[in-house]
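One structure is given here, and the rest of the page talks about it.
The values are calculated or read from the model by the stated rules, or taken from the named source; none is laboratory data. None of the values given here were measured: they were computed from a predicted structure. So basically every Cβ, Gly included, is an ideal-geometry build from the backbone, and we count neighbours across all protein chains shown.
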DNA sequence: CGCATGGGCGCAAACGTTTGCGCAAGGGTG
DNA sequence: CACCCTTGCGCAAACGTTTGCGCCCATGCG
């Protein structure tokens with residue numbers, strides 16, 4: 001803020017000392033190098049008085065450490081990722097690190113570019129929400145000289161620590177909830193096939209089905225991306241099936257939004273004509289025309305835990321890479337209709 | 001990505017040249033310093049083959065330019081700011097700059113700290129969404145050696161370029177809309193008093209009132225922050241007034257959310273028992289139990305224009321600081337009830 | 001043949017730190 | 001008095017660039 005912090009040299013000159021001595025006095029190396037207490041105190045006092053703080057660029061050059069972490073995110077404007085970014089930014093400050101933010105715009109090519117740039121900029125650590133379709137470009141990362149943590153989407157083949165929601169468990173709970181309410185024809189609005197999140201959620205859905213002995217019908221799965229418009233199109237398609245599904249399960253928040261549009265357009269009503277469950281909770285969810293039942297992810301925890309792992313590793317601990325699953329929570333509202341016709345609902349377990 | 005880019009020195013050594021020559025060949029200074037075309041081409045070929053790219057830290061140290069811009073935001077997890085951050089991040093990439101992100105957590109103290117840190121890190125420009133309560137700590141910025149742009153909240157006294165929504169016009173349009181529908185007792189849920197956004201929105205509201213000759217009643221204004229809970233409490237208070245306001249005007253998206261909660265709790269229904277207009281549009285707005293009429297800000301434009309101004313100035317143009325107002329748009333939905341009792345509605349102009 | 005001219009490139013300093021090593025002075029010991 | 005140890009600190013190199021200045025060699029001209 002004030003007129004440019006003075007340099008180490010300037011401080012040294014004013015005290016008739018060498019930059020060496022000043023540096024050591026300020027870095028707690030005084031004892032190690034036998035700087036007298038008197039000198040150290042004098043240095044520290046002047047430094048404080050002049051609001052000195054070492055030039056991070058010069059320091060970075062010398063130390064090959066920049067007190068900076070890189071954050072690569074597919075889309076910062078998506079509230080989900082925005083909250084992750086928020087938590088990480090806050091955690092970074094706690095660890096006196098800055099955050100270099102990149103937005104890969106859901107494109108692998110930009111992701112590659114961003115990672116390269118961040119590595120060249122000598123970040124001390126990297127948190128990555130991969131676009132998620134492929135991982136070949138990530139394969140050098142486990143051998144990078146800095147720790148890397150994956151968030152949200154993971155690649156089992158990759159030796160990198162990852163933090164993800166318990167997508168499988170969350171989806172299983174949602175589908176189980178629908179089954180309990182007597183639904184048997186459940187349409188699924190999926191996201192980007194090939195991503196771990198999508199795969200796990202589908203797997204959870206299928207697990208719940210087969211646990212109840214309900215056959216899985218691929219014709220009831222539609223969609224090809226996590227974006228709203230894909231949700232709209234997929235929902236419209238599913239709603240035209242005959243017999244119509246009695247419930248839709250949207251595997252993402254934007255997909256749910258698209259579904260709502262398609263349902264309104266049909267026009268149908270939730271939950272009378274069709275039930276709806278969505279992955280991702282949302283502040284507005286309770287106030288929708290039909291407050292929608294959701295699988296809430298603990299987004300804050302995702303960001304927090306990722307940052308924790310990263311800074312642990314930056315701090316030196318070099319544990320084996322492990323993926324951490326953050327639990328989800330089913331938030332029941334009023335978008336699921338109980339089908340009275342079905343005798344076996346609420347069967348024990 | 002690959003094993004650390006080689007250094008200039010390494011390239012020079014491999015070609016039997018000096019780092020000087022290599023540097024000039026790569027920076028387009030070849031002609032200026034009479035490097036032969038043959039040499040230049042050889043350098044460029046090898047550089048490309050080895051995927052060389054100059055160490056940004058070293059470069060930053062020497063040049064006192066880092067190809068980095070700082071971004072200070074009160075709360076990245078707020079979708080409004082997240083979108084601004086998104087646009088700026090994208091714009092920065094277009095200009096080959098990186099973004100250092102700070103989250104001030106709506107605290108002036110943290111904002112001060114963040115600005116200081118970014119300046120020390122030698123960012124080439126700074127985009128700031130000020131917390132907005134005070135501006136003394138910003139007063140050195142107009143004299144900083146780098147350009148600074150304010151977004152969302154501005155300080156008239158400060159000689160800094162600023163980009164804000166047309167808050168006054170937007171609020172005026174909203175209130176006018178309510179007046180047209182016959183409402184006279186309009187409760188206002190305000191945000192943080194003292195911020196320019198809040199002040200301008202209130203001013204717009206009052207302008208619309210007085211244009212219609214409706215007196216302004218301070219008792220109908222409640223609230224003390226832009227957060228949801230403040231909206232909830234303020235709405236609850238206003239809803240208990242007798243006679244009850246016939247409409248609420250929430251001056252922010254989270255305030256609207258709080259209002260919805262308070263209305264549901266009352267319990268009242270929108271728009272039958274109470275009308276609602278909110279500042280800030282939202283993807284879920286159309287799907288609420290009463291699709292809510294909103295004043296939509298062009299958030300993308302806010303971010304884009306801010307980035308434009310910043311990079312123009314980084315590029316050298318040192319125009320006088322000017323504040324740019326981005327137009328808002330009234331999105332009419334179904335949360336406003338037309339009060340039939342009132343004869344003078346839809347009066348011309 | 002002497003000199004100016006121009007082409008092609010390198011020297012060395014600088015940016016602001018950190019750090020291995022070593023130097024000088026003073027005090028104690030034999 | 002010679003030696004060693006301790007205390008207190010500085011030298012200089014290094015990190016990887018960029019840049020003002022100047023060097024050297026050919027060539028052309030008179």
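Restricting to segment B:133-147, give me the number of residues that are surrounded by 17 or more Cβ atoms within 10 Å (Cβ to Cβ) and away from every other protein chain (no Cβ under 12 Å).
Residues in segment B:133-147 being surrounded by 17 or more Cβ atoms within 10 Å (Cβ to Cβ) and away from every other protein chain (no Cβ under 12 Å): 2 in total.
Residue B:273 is checked against (1) more than 14 Å from chain A (Cβ to nearest Cβ); (2) out of contact with any helix residue (DSSP H, G or I) (no Cβ under 7 Å at 6 or more places or on another chain); (3) part of a helix (DSSP H, G or I) and fails just one. What number does that condition carry?
(3)
So which of A:99, A:149, A:123, A:131 is under 30 Å from residue A:221 (Cβ atoms) and assigned by TED's automatic domain parsing to the domain that holds residue A:316? If you could, list the steps in order and put the result at the bottom.
Values: A:99 fails: under 30 Å from residue A:221 (Cβ atoms); A:149 fails: under 30 Å from residue A:221 (Cβ atoms); A:123 fails: under 30 Å from residue A:221 (Cβ atoms).
On inspection, the qualifying residue turns out to be A:131.
From the list B:90, B:76, B:72, pick out the single residue that is more than 9 Å from every other protein chain (Cβ to nearest Cβ) and either under 22 Å from the mean Cα position of the chain (by Cα) or touching a residue at least 12 places away in the same chain (Cβ under 8 Å) (or both).
Numbers: B:90 fails: more than 9 Å from every other protein chain (Cβ to nearest Cβ); B:76 fails: more than 9 Å from every other protein chain (Cβ to nearest Cβ).
Result of the check over B:90, B:76, B:72: B:72.
Just one of (1) within 14 Å of chain B (Cβ to nearest Cβ); (2) more than 16 Å from DNA strand D (Cβ to nearest atom); (3) more than 30 Å from residue B:75 (Cα to Cα) trips up residue A:49, so point out which.
Only one criterion is unmet by residue A:49, namely (1).
Restricted to segment B:24-34, and to residues that are near DNA strand D (Cβ under 7 Å from one of its atoms) and either farther than 21 Å from residue B:10 by Cβ or free of Cβ contacts under 8 Å to residues at least 24 places away in the same chain (or both), which residue is surrounded by the most Cβ atoms within 10 Å (Cβ to Cβ)?
The initial filter retains those residues of segment B:24-34 that are near DNA strand D (Cβ under 7 Å from one of its atoms), namely B:24, B:26-27, B:29, B:33.
From what is left, the residues that are either farther than 21 Å from residue B:10 by Cβ or free of Cβ contacts under 8 Å to residues at least 24 places away in the same chain (or both) are B:24, B:27, B:29, B:33.
Details: B:24: 20, B:27: 11, B:29: 14, B:33: 12.
The extreme case among them is B:24.
Residue A:44 - would you say it is near DNA strand D (Cβ under 8 Å from one of its atoms), farther than 30 Å from residue A:102 by Cβ, surrounded by 13 or more Cβ atoms within 10 Å (Cβ to Cβ) and more than 37 Å from the chain's Cα centre (by Cα)? Reasoning before the result, please.
Working: near DNA strand D (Cβ under 8 Å from one of its atoms): no; farther than 30 Å from residue A:102 by Cβ: yes; surrounded by 13 or more Cβ atoms within 10 Å (Cβ to Cβ): yes; more than 37 Å from the chain's Cα centre (by Cα): yes.
Here the answer is no, as residue A:44 does not meet what is asked.
Which condition from (1) near DNA strand D (Cβ under 10 Å from one of its atoms); (2) buried (at least 17 other Cβ atoms within 10 Å of the Cβ); (3) more than 14 Å from every other protein chain (Cβ to nearest Cβ) is the one that residue A:60 breaks?
Here residue A:60 meets the rest and fails (3).
Anything in segment B:93-110 that is over 23 Å from residue A:304 (Cα atoms), more than 8 Å from chain A (Cβ to nearest Cβ) and not in a helix (DSSP H, G or I)? List them, or say none. Can you show your working first?
First, pick out the residues of segment B:93-110 that are over 23 Å from residue A:304 (Cα atoms): B:93-98, B:108.
With the extra rule that they be more than 8 Å from chain A (Cβ to nearest Cβ), the set shrinks to B:94-97, B:108.
Those that are over 23 Å from residue A:304 (Cα atoms), more than 8 Å from chain A (Cβ to nearest Cβ) and not in a helix (DSSP H, G or I): B:95, B:96, B:97.
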